[in-house]
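Please treat every number below as a calculation from the coordinates, not as lab data. In this text the structure is predicted, and so the values were computed from the model without any measurement. A quick note on method: Cβ atoms are made from the backbone with ideal geometry, for glycine too, and the neighbour counts reach across all protein chains shown.
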Amino acid sequence: MTGQKSAWVSDGTIATHATVHVNLEPSKGMHGTGICVVPLDLPGISKGKPLNKMGQRPLNQGEIFFEEVKIPKKFMVFSDYSISQPLIKGIFTGANTGMSVLFAGLAKAAFDEALKYSRDRVQGGVPIFEHQNIKLKLMNMFTLVESARSLARRTSAFNAANPPGSLPHAVIAKGLSTEAAFKVASEAMQIFGGNGLSKEYCIEKIFRDARASMIEDGTNEALALSGAVFL
């Protein structure tokens, strides 16, 4: 096997093993792949440097290179590409469902930080929470948060009870949660004012992590197009 896995392999520069999609039938493109588990100390495998990212910095990501790597047949998990495709769809569904829960939680965290700050920060002789424009921002943020949490919860429950689950629902739940997280975090920074730009407050990290989420595991636009196929 010869090729390169992109710079976005999670734990790519520190992992000891990787699940790899390998092309078994080139004429079928992505529909001709099998799945194997590969020890990353095999001859011909090397790793790149960790990405220096804007957000989600604790999540190690980096490239993996394969140069004429020989993979023993026993390492193949699925060598029949007709079987591997439904499995890939299931992985895709599970990953997006999990992302929806994670970032609905991040949206809630951004809201909680903004609400607490608005009650502590005094401007004009009263906590800024008492100003109507701040109350309106917080209620709009609350609407987004609860919408994302509701869809993430419903999708998680349905997919857990009905394997392999609904990919379209998983994709829209991921999209709603990540976009809610970004919008809520952005409004939270506005409520923090200049303090929101300081690393002294965690809202700036929440904002960076939320922005990355709309690209992570596939851009929301690309995911939506993929999910539409299964409507």
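Test of the criteria: in region 122-231, which chymotrypsin sites (Phe, Trp or Tyr not before Pro) are in a DSSP loop and have at most 15 other Cβ atoms within 10 angstrom of their Cβ?
230
Looking at (i) 17.1, 57; (ii) 21.4, 73; (iii) 22.6, 68, which value of Rg and Dmax of the Cα atoms in Å comes from a calculation on the structure shown?
(ii)
Taking Cα pairs under 8 Å and at least six residues apart, what relative contact order does the chain come out at, in percent?
Normalised by residue count, the contact order of the chain is 20 percent.
Taking only pairs that are 8 or more places apart or on different chains, how many Lys pairs in region 70-223 have Cα atoms under 15 angstrom apart?
Number of lysine pairs found: 10.
Taking amide hydrogens as modeled 1.01 Å from N in the peptide plane, which residues meet the under 5 Å criterion relative to residue 18, leaving out close sequence neighbours?
Placed amide hydrogens put 38, 40 under 5 Å from residue 18.
Which of the trypsin sites (Lys or Arg not before Pro) found in region 1-91 are loop residues per DSSP with 11 or fewer other Cβ atoms within 10 Å of their Cβ?
Taking region 1-91 and a limit of 11 other Cβ atoms within 10 Å, the loop trypsin sites (Lys or Arg not before Pro) found are 70.
Which loop GluC sites (Glu not before Pro) in region 18-79, with loop taken from DSSP, have no more than 10 other Cβ atoms within 10 angstrom of their Cβ?
68
Could you work out [θ]222 nm for the chain from helices alone, using -39500 (n - 2.57) per DSSP H run of at least four and dividing by all its residues? Round to the nearest 500 deg cm²/dmol.
Mean residue ellipticity at 222 nm (helix-derived): -17500 deg cm²/dmol.
Quote to one decimal, in nm, the extra length available between residue 53 and residue 132 on full extension: 0.36 nm per residue of separation minus the C-alpha distance between them.
24.7 nm
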